[in-house]
Amino acid sequence: MGTAAAAGCRCPSGGRLPALPSQPCPGEAATIDATPPDLASMGPACDGAACILQRLPAPDETYRRLDAAACQCAAASNATTANMIELERHWARVVIECDSRYVQRNVCLQRDLLALQAASLRNKAAGQALTAFYTLAGLEARRHYLELAIEETAASLARAERLDELDLDQGIDRSELETRLAAMRDQLLQAEFARLQLNGQLQKLVGCEISESDFFWPEWDWSSSAREVDVAAEVADGLAHRYDLRALQLTLCQLEKTTLRVARGVLAVVDGSLGSVEPTDGWIHRLRCIRCADAETPVRCEQLAAIFADAERSATAEIKNAAYEIVLQQHRLAAARDNVALRRTRLAELEARRDVDRVTVFALSRSRGQLYEAEGQLIEQRIALELAQVKLKQAQGLLALECGFVPLLCCEGSCCGACMRTCR
């Protein structure tokens, strides 16, 4: 032991680098047979019998009722990382009560920043849950009209096949009906998978056990009243509540030599290269750089001020885009509603002329199919409007606030730090 200490620490592996895994470029030159694949082999092997495919999980007659407000606030409450931050804030409180005034000032600022970060994460979780909620509501509603369209098209195809068997030419394109029916059945299959995914997302976000047999039924008011969107007011409201802006402003207002460590951490979140340069630890380095903090403070002030201005511009653009998207969706919803009214009028006209003008059953079927498609598009536009409103509230930072999550800060409201005296 003593001999090894006298000789100094030796690292046997330090003299050579390990061999890193390597492979030559794969692939070799060859003449390619461009024969297309055998399409018949792509389906399941059935041995001449009817193929029985495994079905996707589907709900039974019992659903779990869920409304938008409960969905929003359950997700905000059950945000895992936000709840872990609450424990971090508790530990910060312990440190504040027990340590020196120098440490207290640092930790008080850090505790406020943690509160803002937790609220931001709850706001994000609420937005994700509402997005899944309304998307699921729209999917369940559209499935109804899609199933009606499939039933109508299948009936038309069956009629066309019977007429062909009787050698009666009605000018019906069976291939078009078959293609349309196949496309709609594929849409229905995709909708069943999307329903399974959305239920899983909601279960995780609102704090339920993950289960492919327990499905939510979204309940909400489908009626929509167009409201005028005051973009300037929405921007002002959003800038006042945005958690990222409040965190940057808080750091900017409270920055002193004693809180430089926190400022470096905030800058590092924006970009890993920022806040990375700091004096070296050790008493010799501290003595040699005893006035470094005086020189560092204005540098951090300039960085924080520039980042705050840039973040404010980005937030303004995000909120404006979300507000104008609501206006766009109001127009699209109105157009979709007009199209449904037109399709209903056309169908009623055909039904009224059926006996007089000998309107064929295929013309009526085609008109009903167009109505079902228009009704599905109306559902889609109504959901898009609600999603745009969720997007605006999330951009403003209001979703967590609506659920009662209001960050309680001890440093906000005072803005007399070094940056306020030195920043231009």
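FYI, it's all coordinate maths here, none of it is from the lab. Note that this is a predicted model, so its numbers are computed, not measured. For neighbour counting, all protein chains shown are included, and Cβ atoms are generated from backbone atoms with ideal geometry for every residue, glycine included.
Charge dipole (Cα centre; +1 on Lys/Arg Cβ, -1 on Asp/Glu Cβ; no other charges) of the chain amounts to roughly 2340 debye. Expressed as a fraction of 2.2 N^0.38 Å, the C-alpha radius of gyration for the stretch 162-269 is 2.18. Placing R0 at 25 angstrom, the Cβ-Cβ distance between Glu86 and Glu219 gives a FRET efficiency of 0.25 after rounding to 0.05. Ranking Val231, Ser41, Ser211 by Cα position along the charge dipole of the chain, where only Lys, Arg, Asp and Glu carry charges on their C-beta atoms, puts Val231 farthest toward the positive end. Can you give the percent of C-alpha pairs in the stretch 190-236 whose distance is more than 17 Å? Within the stretch 190-236, distances greater than 17 Å cover 56 percent of Cα pairs.
Can you tell me, using C-alpha contacts under 8 Å and at least 6 residues apart, the relative contact order of the chain as a whole percent? It comes to 26 percent, rounded to a whole number. Only alpha carbons enter this Debye calculation for the stretch 60-219, each as an equal point scatterer, and the log10 of I(q)/I(0) it gives at q = 0.12, 0.14, 0.18 Å⁻¹ is -0.71, -0.81, -1.02.
Taking one quarter of the surface of the C-alpha convex hull of the stretch 162-224 gives a mean projected area of 8.1 nm². Rg/Rh for the stretch 339-378 stands at 1.01; both radii use Cα atoms, and Rh follows the Kirkwood definition. The fraction of Cα-Cα pairs per 20 angstrom bin, counted from 0 for the chain, comes to 17, 34, 30, 15, 3, 0 percent, rounded to whole percents. When the Kirkwood radius is taken over all Cα pairs of the stretch 290-424, what Stokes-Einstein diffusion coefficient follows at 4 °C and 1.567 mPa s, in µm²/s? In µm²/s, the coefficient is 63. Here Lys124 is the anchor, and the lysines within straight C-alpha reach of less than 27 Å, apart from those fewer than 8 places off in the same chain, are Lys204, Lys320, Lys391, Lys393. Overall form of the stretch 219-260: oblate. Here a/c, set by the Cα gyration tensor axes a ≥ b ≥ c, is 1.5 or more, and a/b is not larger than b/c.
A Förster radius of 60 Å combined with the Cβ-Cβ distance from Ser273 to Ala155 puts the calculated FRET efficiency at roughly 0.35.
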